[in-house]
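Colleague: Before I ask anything, let me first share the structure, which is written out below as structure tokens.
Taken together, the values in this text are just the output of simple stated rules run on the coordinates, not laboratory data. The model shown is predicted, which means the values in this text are computed figures rather than measured ones. Don't worry about glycine lacking a Cβ; one is built from the backbone with ideal geometry, like all the others, and counts go over all protein chains shown.
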Amino acid sequence: MGARLVDTYTYQGGILCDACADLTKAALDLGGVADDGDSETYPQLVTDDGEADSPQHCSRGEDCINSEEHEGLPRPVGMFLENPLTDDGIGYVAQQIQQCPRSPIVRMWAEFYGI
């Protein structure tokens with residue numbers, strides 16, 4: 001799969017969409033926190049292709065600025081980050097299609113990845 005289509009940031013062990021990262025950076029800047037290059041203290045842009053073993057969503061979940069509502073789900077989910085998948089990730093999505101074919105999230109993944 002190709003490069004990530006959506007800019008993402010790592011921060012305190014999570015992954016943030018661009019909008020949530022910008023909001024977090026603005027709040028940290030106001031608090032006098034400087035970008036020291038460490039994702040534990042300040043959001044850092046993901047500079048590789050972001051290939052992962054599963055589809056990724058913004059770690060802010062329903063509090064994500066770009067959260068997505070899907071029919072059949074009780075609450076919004078974090079923005080889908082459109083990351084490329086490893087072979088294991090493709091297998092994971094295929095497995096989820098078999099196990100949860102009616103899930104709106106799984107259907108979104110299947111369509112995006114062409115599985």
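Colleague: Dipole magnitude of the range 30-97 about its Cα centre, charges +1 at Lys/Arg Cβ and -1 at Asp/Glu Cβ only, in debye to the nearest 20?
Modeller: Details: 2 positive and 16 negative charges, 60 e Å.
That gives a dipole near 280 debye.
Colleague: With the chain treated as a Gaussian network of Cα nodes joined by springs under 10 Å, which of ALA26, ALA94, ALA52 yields the largest mean-square fluctuation?
Modeller: For the chain, modelled as a Gaussian network with Cα springs under 10 Å, the answer is ALA26.
Colleague: In deg cm²/dmol and to the nearest 500, what is the mean residue ellipticity at 222 nm of the chain if only DSSP H runs of at least 4 residues count, each as -39500 (n - 2.57), divided by the residue total? Walk me through the intermediate numbers first.
Modeller: Values: 3 runs with 36 residues, N = 115.
After summing the helix terms and dividing by the residues of the chain, the value is -9500 deg cm²/dmol.
Colleague: Work out the length of the dipole vector of the chain about its Cα centre, built from +1 on the beta-carbon of each Lys and Arg and -1 on the beta-carbon of each Asp and Glu, and round it to the nearest 20 debye. Walk me through the intermediate numbers first.
Modeller: On the way: 6 positive and 21 negative charges, 100 e Å.
Once rounded to the nearest 20, the dipole reads 480 debye.
Colleague: Strictly under 4.7 angstrom between C-beta atoms: which cysteines of the chain have no such partner?
Modeller: Unpaired cysteines in the chain: CYS20, CYS100.
Colleague: In which sequence would THR47, THR24 go, from the one with the fewest C-beta neighbours within 10 Å to the one with the most? Provide the component values of the computation, followed by the final result.
Modeller: Numbers: THR47 7, THR24 18.
The fewest-first ordering by Cβ neighbours comes to THR47, THR24.
Colleague: A further question follows. Per residue of the range 75-92, in order, report the coupling 6.51 cos²θ - 1.76 cosθ + 1.60 (Karplus, θ = phi - 60°) as ³J(HN,Hα) in whole Hz, putting x for Gly and Pro.
Modeller: 8, x, 10, x, 3, 5, 8, 6, 6, x, 10, 6, 4, 4, x, 4, x, 4
Colleague: Now, a different point. Counting only C-alpha contacts under 8 Å and six or more residues apart, can you give the relative contact order of the chain as a whole percent?
Modeller: Details: 198 pairs, mean separation 29.9, N = 115.
Across the chain, relative contact order equals 26 percent.
Colleague: Let me ask something else about it. Looking at the chain as a GNM with Cα springs under 10 Å, which of CYS100, CYS64, CYS17 has the largest mean-square fluctuation?
Modeller: CYS100
Colleague: Taking the beta-carbon count within 10 Å as an exposure proxy, list MET108, MET79 from fewest neighbours to most. Mind showing how you got there, number by number?
Modeller: Numbers: MET108 15, MET79 23.
By the 10 Å Cβ count, ascending, the order reads MET108, MET79.
Colleague: Between ALA27 and PHE112, what FRET efficiency comes out of the Förster formula 1/(1 + (r/R0)^6) with R0 = 25 Å and r the beta carbon distance, rounded to 0.05?
Modeller: Numbers: r = 31 Å, r/R0 = 1.23.
Once rounded, the FRET efficiency stands at 0.20.
Colleague: Could you identify which residue out of GLU71, GLU82, GLU51 has the top mean-square fluctuation in a GNM of the chain using Cα springs shorter than 10 Å?
Modeller: Its mean-square fluctuation being the largest, the pick is GLU71.
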